[in-house]
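Below is one structure, written out as structure tokens, with a few remarks after it.
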């Protein structure tokens with residue numbers, strides 16, 4: 001069955017939520033209707049916040065059965081690791097520097113306590129909006145591949161080389177589509193049209209006389225189609 005997610009995603013097209021959903025095969029219906037790419041973040045807006053900044057944060061996401069990619073638990077973990085890596089890179093840490101940061105005073109491995117402390121310092125753990133204890137333990141179990149209670153450099157590289165938030169290229173998409181010929185058919189949706197109101201936001205500006213809401217109204221028209229079932233990667 002196709003999946004639709006609608007609402008204010010509290011983040012722009014440059015944010016982690018957008019990248020995560022795109023990595024799962026979701027498409028922004030407005031962008032699809034207007035043939036925009038992920039790089040076209042400036043071409044439309046849907047929200048003016050209390051600071052007066054305008055950005056695109058309202059989406060109607062569509063995931064057709066032929067675009068399913070990974071089970072949510074696995075892909076969520078990879079997304080967290082990608083955020084982890086991004087924050088370390090933002091601090092100008094290389095792969096070896098990041099490993100040294102995590103292992104702290106230990107000679108050649110990362111302990112669970114060091115792992116948690118690193119997450120806390122990166123503001124991913126230790127507060128009400130961060131990772132829970134259970135989620136942190138689950139990430140640790142997935143990282144500790146050999147189950148010996150510590151992470152060596154090779155296991156750390158599995159985290160560092162996570163690419164779940166990188167979108168697949170057109171070549172891979174074409175290969176996927178070409179392999180679907182013999183697969184079972186099911187119902188999906190195509191995007192027929194999508195409009196934002198007031199119309200000025202479609203040009204990337206916010207009208208000063210618009211006081212109905214601080215969010216633009218997004219309307220999308222879908223049409224049912226036949227699609228092939230995707231084989232998810234476990």
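The values are calculated or read from the model by the stated rules, or taken from the named source; none is laboratory data. In this text the structure is predicted, and so the values were computed from the model without any measurement. FYI the Cβ positions are ideal-geometry reconstructions off the backbone, even for glycines, and counts take in every protein chain you see.
Below is a table of values for the structure above.
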{"item": "Test for residue 142: is it modelled with pLDDT under 90, in a helix (DSSP H, G or I), under 24 Å from residue 15 (Cα atoms) and within 22 Å of the chain's Cα centre (by Cα)", "result": "no"}
{"item": "Residue list for the range 124-137, restricted to those being surrounded by 17 or more Cβ atoms within 10 Å (Cβ to Cβ) and assigned to a loop (DSSP other than H, G, I, E, B)", "result": "124"}
{"item": "Selected residue (only one of 213, 164 is within 27 Å of residue 45 (Cβ to Cβ), modelled with pLDDT under 95 and either touching a helix residue (DSSP H, G or I) at 6+ places or on another chain (Cβ under 6 Å) or assigned to a loop (DSSP other than H, G, I, E, B) (or both))", "result": "213"}
{"item": "Flag for residue 71 being modelled with pLDDT under 80 and exposed (fewer than 15 other Cβ atoms within 10 Å of the Cβ)", "result": "yes"}
{"item": "Test: residue in the range 176-194 that is at pLDDT 95 or above and either loosely packed, with under 12 Cβ neighbours inside 10 Å or over 25 Å from residue 20 (Cβ atoms) (or both)", "result": "yes"}
{"item": "For residue 13: the one exception among (1) at pLDDT below 85; (2) under 19 Å from residue 216 (Cβ atoms); (3) not in a loop (DSSP other than H, G, I, E, B)", "result": "(3)"}
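Conditions (1) surrounded by fewer than 14 Cβ atoms within 10 Å (Cβ to Cβ); (2) in contact with a strand residue (DSSP E or B) (Cβ under 9 Å, 6 or more places away or on another chain), marked per residue:
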site: 96; (1), (2): yes, no
site: 99; (1), (2): no, yes
site: 122; (1), (2): no, no
site: 139; (1), (2): no, yes
site: 152; (1), (2): no, yes
